[in-house]
Amino acid sequence: MPEIQTDALGTAGAVFMLVLALGCAGWGGLAVLRPHRPPQPITGPVWLARVWGLSYVLLGTVLAARAVGQLFGEKAGWAVTLIHGAAGPLMIFSVAVGFACRWRTRREAGDDADGGRHVRQRQT
């Protein structure tokens, strides 16, 4: 039977990581369940919001599993490592595509390099 560790600092760190993991999974879950109204940092097509949300749900799940393992003195299994390896690239991909979509939208609107200011050119 696994026992909870008695080191106060290690326990506090594991509990903090567990709370952070649950918040991360909840935030990603909002984007998965409501892709038309994702949280503020992600903009773009619906599929992009779902990929971003899924990566956050996976990351939160992995962090929660590692925090619980740390509380009970267990090492992370191969499945946790595999999921963590999938969550990182998904998150990087979704953030990069989100920036590209935002840049393209601004570019099509004519709001590119000058930050939204339209400078009147002198006629000669």
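When the residues of segment 32-79 are filtered to those that are among the aromatic types (Phe, Trp, Tyr) and in contact (Cβ under 8 Å) with a residue 40 or more places away in the chain, the one that is surrounded by the fewest Cβ atoms within 10 Å (Cβ to Cβ) is PHE72. Pairs meeting the criteria (first residue in segment 80-98 and over 13 Å from GLY44 (Cα atoms) and touching a residue at least 12 places away in the same chain (Cβ under 8 Å), second residue open to solvent by less than 30 Å² (accessible area, probe 1.4 Å) and not basic (Lys, Arg), beta carbons under 6 Å, at least 6 apart or on different chains) are VAL80/VAL62; ILE83/VAL62; HIS84/VAL62; ALA87/SER55; LEU90/SER55; MET91/SER55. Going by the structure shown, is ALA76 of a type outside the set (Ser, Thr, Tyr) and modelled with pLDDT of 85 or more? No: the conditions fail for ALA76.
The values are calculated or read from the model by the stated rules, or taken from the named source; none is laboratory data. None of these values were measured; they are calculated from a predicted model. Here Cβ is always computed from backbone atoms with ideal geometry, including for glycine, and neighbour counts include all displayed protein chains. SASA here: full protein model, heavy atoms, side chains in, ligands and nucleic acids out. Shrake-Rupley method; radii C 1.70, N 1.55, O 1.52, S 1.80 Å.
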